[in-house]
Amino acid sequence: MIRKTIIALMALLATGFTNMQAQTTNTALENIMTRTSVRQYTNQPVEPQKIEQLLRAGMAAPTAVNKQPWHFVVLSTREQIDRLAGANPRAGMLRQAPLAIVVCGDMQKALTGKGQEYWIQDCSAATENILLAANALGLGAVWTGTYPMDDRVKATCEALQLPQHIVPLCTIVIGYPAEKPQPKDKWNPANVSYGVFGGTK
């Protein structure tokens with residue numbers, strides 16, 4: 001009787017664990033599919049613990065040879081953010097946002113030679129992680145590009161007093177959303193090949 005009870009409890013626990021795994025997977029996929037660019041924000045500041053969670057998410061990104069060639073500049077005061085706003089004509093939403101994170105590549109940490117360019121992929125992965133984390137935390141965010149536009153890079157470097165070995169890739173504008181844009185369905189089977197280019201299932 002005891003043995004049967006133990007077996008039944010183990011089966012119940014296994015089922016619960018499987019259901020929990022499925023729920024976690026569904027939550028992760030839902031977060032990916034519901035992420036969208038938010039460009040209007042309330043004046044509510046983003047809490048310091050959430051800022052750290054965003055940064056931790058960014059640093060959890062994959063990186064070539066684990067070089068982690070990134071540096072994050074956090075701007076959370078009106079003066080700091082307004083100073084950056086003029087550096088990118090496509091980032092006007094900065095003027096009402098309570099938070100910005102500038103994702104930069106650190107050339108002193110990057111690979112050497114041709115592999116140095118992997119810093120762009122690494123920092124892009126970190127950027128997407130931050131965007132997904134923002135969505136999961138109830139925040140709105142938008143990726144605004146800087147590199148490789150020379151004028152934006154120069155203006156951002158000047159606004160943030162970046163040393164020569166730090167290259168700004170993009171600015172993530174973040175805040176509590178004052179709008180609810182609908183996510184775009186970007187699934188297009190025409191963009192997929194199987195086996196070789198143009199190959200079908």
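The values are calculated or read from the model by the stated rules, or taken from the named source; none is laboratory data. As the structure is a prediction and not an experimental result, all values here were calculated from the model. Here the Cβ positions follow ideal geometry from the backbone for every residue, glycine too, while neighbour counts run over all protein chains shown. SASA here: full protein model, heavy atoms, side chains in, ligands and nucleic acids out. Shrake-Rupley method; radii C 1.70, N 1.55, O 1.52, S 1.80 Å.
Data overview
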{"item": "The range 165-172 - phi-based ³J(HN,Hα) in whole Hz, Karplus 6.51/-1.76/1.60, Gly and Pro as x", "result": "7, 9, 10, x, 7, 6, 10, 9"}
{"item": "Violating pairs (Cα-Cα greater than 32 angstrom) within the set K67/K201; K109/K184; K50/K180; K109/K201; K50/K154; K50/K184", "result": "K67/K201; K109/K184; K109/K201"}
{"item": "Carbon + sulfur, % of accessible area of the chain - ligands and nucleic acids excluded, 1.4 Å", "result": "57 percent"}
{"item": "Local net charge near L94, Cβ-Cβ under 15 Å (Lys/Arg +1, Asp/Glu -1)", "result": "+4"}
{"item": "Unit charges on C-beta of K, R, D, E only; dipole of the chain, Debye", "result": "540 debye"}
{"item": "Sequence ranges 78-85, 157-164, 136-143, ranked by mean other-Cβ count within 10 angstrom, highest first", "result": "136-143, 78-85, 157-164"}
{"item": "Average accessible surface area per residue within the range 114-201, 1.4 Å rolling probe, Å²", "result": "60 Å²"}
{"item": "Integer Hz, Karplus 6.51/-1.76/1.60 couplings in order for the range 130-145, x for Gly and Pro", "result": "5, 4, 5, 5, 4, 4, 5, 8, x, 9, x, 8, 9, 8, 10, x"}
{"item": "Mean projected area (nm²) of the alpha-carbon convex hull when the chain is viewed from all directions", "result": "17.4 nm²"}
